[in-house]
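> Got a structure for you, written out below as structure tokens; questions coming shortly.
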Amino acid sequence: MSSVSRNDQELHRIEELHELRTLGIEPFPASFDRTHHAQHILSTFSDESPDVLASVSVAGRIMAMRKMGKATFCHIQDVTGRIQIYLKKDDLGDVYENFRLFDIGDIIGVEGFVFRTRMGEISLHARTLTLLTKCITPIPVGKEEVAEDGTVVRYDAIADKEQRYRRRYLDLIANPQIKDTFIKRARIISSMRRFFDDRGWLEVETPILQPIYGGATARPFVTHHNALDVELYLRIADELYLKRLIVGGFEGVYEISKNFRNEGMDKTHNPEYTAMEIYVAYKDYIWMMEMTEEMLHSIVTEVCSSVEVEYQGTALSFALPFARARMFDLFDEHTGKNLRGLSREQLLATARELNVGVDSTASAMKILDEIFSVLVQPHLIQPTFVMDYPVEMSPLAKAHRIEKGLVERFELFVMGKEIANAFSELNDPLDQRARLEDQAQIRADGDDEAMVVDEDFLHAIEVGLPPTAGLGVGIDRLVMLLTNNDSIRDVLFFPQMRPEKSASNTAESGE
RNA sequence: GAUCCCGUAGCUCAGCUGGUUAGAGCAUUUGACUUUUAAUCAAAGGGUCCUGGGUUCGAAUCCCAGCGGGAUCACCA
């Protein structure tokens, strides 16, 4: 306590806390019997039969208070919204006297009857009032005004993004509308889970701590296990473990969980992020494309109650079927050049010609990738499957059944961003070994994001992976699209932040 | 990692061409008010102007460094 510096408002609230206890009022009781949520009352009240709500109890945080001597109006906020409470000295007696010790931010329970005020607002006339939690720290609450068209205008609400991300609980109190994003996020995930469960696929859990990381090209987080005295990696993908389960005889497995990548942070990247990966035996990437569009169509319909979604001013349609295009056809269309079968040098010259900046030492794969992301990707606004990638870009995908040099892979793009990635999984063990050894060579040549050879994974493939289709979906980006947010930080409760340097000197340290 | 912008009361922000004692609204405290709603009216308290150096008679203001944040770019999903 002694290390905590408190301002006058906090000191005053602590005094009030002591005074409440002196008066025999427990500021932190164990529970409260609540019968109604705010929104429920507002939507069921009728002026014809107010008696239906003649005795209700609500609980919530005091967000606004208007004292008028012997009567007070305040608004409390629960998970569903706000409702006005009317407190009158005549009805409450001593309790009304004690109400002077209550502040904005306190959590209270109120029992009473519902009525409509002279100004027309449905309100709860209190018969009893119970303090449920005393708030010691003033909360950054803006006043709010409901305009005539029903829109809520907030004044002075918490706006500093650092505060909002670091102290999300304050953000949620002051800006309750952001709850909708997180509620929608939960609904998207449960809708996806239901889609898979309904088809008989099994939700599984595979290791996050891995002795060898794989399944993607990325730098890992490294940690140490004391008992075994070994380095372990936080997974960058769960692909290699899920495929082992298909080898073991499961015919459909999926996992929704965090991956960790030790790379930069920006609007679309957080070091830990949520991915869904699914593998289904005896299927190929064409089947997976159909499954993917059906799944997304089903989620969007369920969560957004429409196949159309507005994102940053653009109307996106998830109506079936989604557009499909082969990667090299898109190059034809958007660059006017045929890039099929070109050597690294020819690609480099073409990139220069197209004014796409690439390093002169870049690999053929990197050059293609760069041309694609600069000249093609921005055009893929409506959901579009891009199919048939060059083999070099996809060391875990099966060689194309017809076109040499390509693999059976697709990615789904929406608003120019990649949302999903899928292959017919490579199950030829000799091909797989050769591809991973290529990766090891690229790695030895200095690209520390290239894949590491996982001998046990190769062993599993040698035992026999049936024909299998696999799909990965970036959940955070999907949520961004469906909640109209343009920063990943707004769809994560607690985005990664640099640790606060001053934290050790301030309030949290002692408790 | 690079560049640009920002950091002033619990919250939102003014002040910044250097010049008395750093301001406003909300919040807080005291008083008035029994249907208010950004309640109103009267008064009061509240500041490490991010931190540390420097320039100057004098720095919230100018300069340097650091810390923290935001935006853009590069790598990645």
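> DSSP loop (so not H, G, I, E, B), at most 11 other Cβ within 10 Å: list which GluC sites (Glu not before Pro) in segment A:1-67 pass both filters.
Of the GluC sites (Glu not before Pro), the ones in loops of segment A:1-67 whose Cβ has at most 11 other Cβ atoms within 10 Å are A:Glu48.
> Please report, to one decimal in angstroms, the Kirkwood hydrodynamic radius of segment A:294-355 built from all distinct Cα-Cα pairs.
Mean inverse Cα-Cα distance, inverted, gives 14.6 Å.
> Does segment A:224-269 classify as rounded, prolate or oblate by the C-alpha gyration tensor (a ≥ b ≥ c root eigenvalues; a/c under 1.5 gives rounded; else a/b over b/c gives prolate, otherwise oblate)?
Oblate is the answer for segment A:224-269, as a/c is 1.5 or above yet b/c matches or exceeds a/b.
> Sorted by accessible area (1.4 Å probe), largest first, how do A:Cys74, A:Cys304 line up?
A:Cys304, A:Cys74
> Just the number, please: carbon plus sulfur as a percent of the accessible area of segment A:160-319, 1.4 Å probe, no ligands or DNA/RNA counted.
51 percent
> Ignoring ligands, DNA and RNA, how do A:Asp454, A:Asp431 rank by accessible area with a 1.4 Å probe, largest first?
So the residues, ranked largest to smallest area, are A:Asp431, A:Asp454.
> Can you tell me the dipole magnitude for segment A:96-237 around its Cα centre, using point charges on the Cβ only (Lys, Arg +1; Asp, Glu -1), in Debye to the nearest 20?
Result for segment A:96-237 is approximately 180 debye, rounded to the nearest 20.
> Apply the Karplus curve 6.51 cos²θ - 1.76 cosθ + 1.60, θ = phi - 60°, to the phi angles in segment A:457-464 and return the couplings in whole Hz, x for Gly and Pro.
4, 4, 4, 4, 5, 5, 5, x
> Identify the residues of segment A:252-266 with backbone N under 14 Å of a label point that sits 7 angstrom from the Cα of A:Lys161 along the Cα-to-Cβ direction, or state none.
A:265-266
> Exactly which trypsin sites (Lys or Arg not before Pro) in segment A:380-423 are in a DSSP loop and have at most 11 other Cβ atoms within 10 Å?
Counting only loop positions with at most 11 other Cβ atoms within 10 Å, the trypsin sites (Lys or Arg not before Pro) in segment A:380-423 are A:Arg401, A:Lys404.
> How big is the charge dipole of segment A:8-139 about its Cα centre, in debye rounded to the nearest 20, if each Lys and Arg gets +1 on its Cβ and each Asp and Glu gets -1 on its Cβ?
The calculated dipole for segment A:8-139 is roughly 260 debye.
> Can I ask one more? With a 1.4 Å probe and all protein chains left in place, how much accessible area per residue does segment A:8-139 have, in Å²?
51 Å²
> Here is a follow-up. Just to check, using Stokes-Einstein with a Kirkwood Rh over alpha carbon pairs, what's the diffusion coefficient of segment A:99-138 at 25 °C and 0.890 mPa s in µm²/s?
Answer, rounded: 213 µm²/s.
> What does the charge dipole of chain A about its Cα centre add up to, to the nearest 20 debye, if the Cβ of each Lys and Arg holds +1 and the Cβ of each Asp and Glu holds -1? Each step should come with its number before you reach the end.
Details: 57 positive and 82 negative charges, 240 e Å.
Approximately 1160 debye in magnitude.
> Taking N as the number of residues in segment A:99-212, what is its Cα Rg relative to 2.2 N^0.38 Å? Before the final figure, lay out the partial values.
On the way: Rg = 21.4 Å, N = 114, 2.2 N^0.38 = 13.3 Å.
Working it through for segment A:99-212, the quotient is 1.61.
> How much length, in nm to one decimal, is gained on full extension between A:Glu294 and A:Phe221, taken as 0.36 nm per residue of separation minus their Cα-Cα distance?
22.8 nm
> Sticking with this structure for a sec: What's the long-distance tail for chain A, i.e. % of Cα pairs beyond 45 Å?
32 percent
> What is the set of long-range amide H partners of A:Lys283 at a cut-off below 5 Å, with H atoms built 1.01 Å from backbone N?
For A:Lys283, whose amide H was placed from the backbone, the distant partners under 5 Å are A:Thr468, A:Ala469.
> Reported to two decimal places, what Rg/Rh ratio describes segment A:363-413 when computed on Cα atoms with Rh from the Kirkwood expression?
Using only Cα positions, Rg/Rh for segment A:363-413 is 0.98.
> So for segment A:165-308, what are the equivalent ellipsoid semi-axes in whole Å, largest first, each being the square root of 5 times an eigenvalue of the Cα gyration tensor?
Working through the eigenvalues yields semi-axes of 28, 26, 13 Å.
> Here's a follow-up. Give A:Lys258/A:Lys283; A:Lys337/A:Lys366; A:Lys67/A:Lys89; A:Lys184/A:Lys417; A:Lys161/A:Lys267 a once-over and call out the pairs whose C-alpha atoms are over 23 Å from each other. Don't skip to the answer; put the middle values down first.
Details: A:Lys258/A:Lys283 26 Å; A:Lys337/A:Lys366 17 Å; A:Lys67/A:Lys89 11 Å; A:Lys184/A:Lys417 20 Å; A:Lys161/A:Lys267 13 Å.
Exceeds cut-off: A:Lys258/A:Lys283.
> Okay, moving on. In terms of the ratio Rg/(2.2 N^0.38 Å) built on C-alpha atoms, what value belongs to segment A:122-166?
The value comes to 1.64.
> By the scheme Lys and Arg +1, Asp and Glu -1, what is the net charge of all other residues having a beta-carbon under 14 Å from that of A:Asn262?
Value of the local net charge: -1.
> Roughly to the nearest percent, how much of the accessible area of segment A:8-139 is carbon and sulfur, given a 1.4 Å probe?
53 percent
> I would also like to ask the following. Extending each Cα 7 Å along its Cβ direction at A:Asp445 and A:Leu172, get the distance between those two points in nm, one decimal.
It is 4.9 nm.
> A further question on this structure: Principal axis extents for segment A:8-139, Cα atoms only, whole Å, descending order, please.
So the extents along the principal axes, rounded to whole Å, are 47, 29, 23.
> Let me ask you something else. Suppose we keep just the DSSP beta bridges with both residues in segment A:8-139; what percent of those would be antiparallel, to 5?
90 percent
> Tell me, what HN-Hα J-couplings in whole Hz come from the Karplus equation 6.51 cos²θ - 1.76 cosθ + 1.60 at θ = phi - 60° for each residue of segment A:30-36, using x for Gly and Pro?
Along segment A:30-36, the couplings run 7, 7, 8, 8, 9, 9, 9 Hz.
> Through the Karplus equation 6.51 cos²θ - 1.76 cosθ + 1.60, θ set to phi - 60°, convert the phi angles of segment A:165-182 into ³J(HN,Hα) values in whole Hz; use x for Gly and Pro.
Karplus-based 3J(HN,Hα) across segment A:165-182 equals 7, 6, 10, 4, 4, 5, 4, 5, 6, 7, 10, x, 5, 5, 4, 4, 4, 6 Hz.
> Pull up the DSSP beta bridges for chain A and report the antiparallel fraction as a percent, rounded to 5.
90 percent
> Less than 20 Å from a label point 7 Å out along the Cα-to-Cβ axis of A:Asn484: which backbone N atoms in segment A:307-322 qualify, by residue?
Answer for segment A:307-322: A:307-319.
> Above 19 Å lies some portion of the pair distances; for segment A:411-500, what is it as a whole percent of all C-alpha pairs?
62 percent
> Mean residue ellipticity at 222 nm from the helices of chain A, using -39,500 (n - 2.57) per DSSP H segment of n ≥ 4 over the full residue count, to the nearest 500 deg cm²/dmol?
Working: 15 runs with 155 residues, N = 511.
Rounded to the nearest 500, it is -9000 deg cm²/dmol.
The values are calculated or read from the model by the stated rules, or taken from the named source; none is laboratory data. This is a predicted model, so every value here is computed, not measured. Neighbour counts run over all protein chains shown; Cβ positions are idealised from the backbone, glycine included. SASA here: full protein model, heavy atoms, side chains in, ligands and nucleic acids out. Shrake-Rupley method; radii C 1.70, N 1.55, O 1.52, S 1.80 Å.
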